[in-house]
Amino acid sequence: KSPALTRCANFDYDGVVGSFKSALGEIKEDAETASYDAAVSIDGPTTCDRGLEAEHFVNPQVTALNRQIFLVCQMA
């Protein structure tokens, strides 16, 4: 079992969801904070990717999912 993959699933991706929830909660009251919260969501897939690379973990499905999450974070 890959510790990096476990971290991606249990921490990094949860962070993305948390950032988006926080941004959504702030959007009406403080657009600047909401924008920041959305911007930091990209840390999740970036950290996940670094961890997988460090372990030399190769799985095309995981890589594709991580890229999709990264793209959504960039659009935010």
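Read the figures in this text as sums done on the coordinates, not as results from a lab. Source: prediction; values computed, not measured. Cβ sites come from the backbone with ideal geometry, for glycine too, and all protein chains shown count toward neighbours.
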- prompt: With respect to the numbered conditions (1) within 16 Å of residue 76 (Cα to Cα); (2) surrounded by fewer than 17 Cβ atoms within 10 Å (Cβ to Cβ); (3) not aliphatic (A, V, I, L, M), which one is the sole condition not fulfilled by residue 2?
  reply: (1)
query: Among the candidates 41, 35, 22, which residue alone is touching a helix residue (DSSP H, G or I) at 6+ places or on another chain (Cβ under 8 Å), surrounded by fewer than 16 Cβ atoms within 10 Å (Cβ to Cβ) and in a helix (DSSP H, G or I)?
result: 35
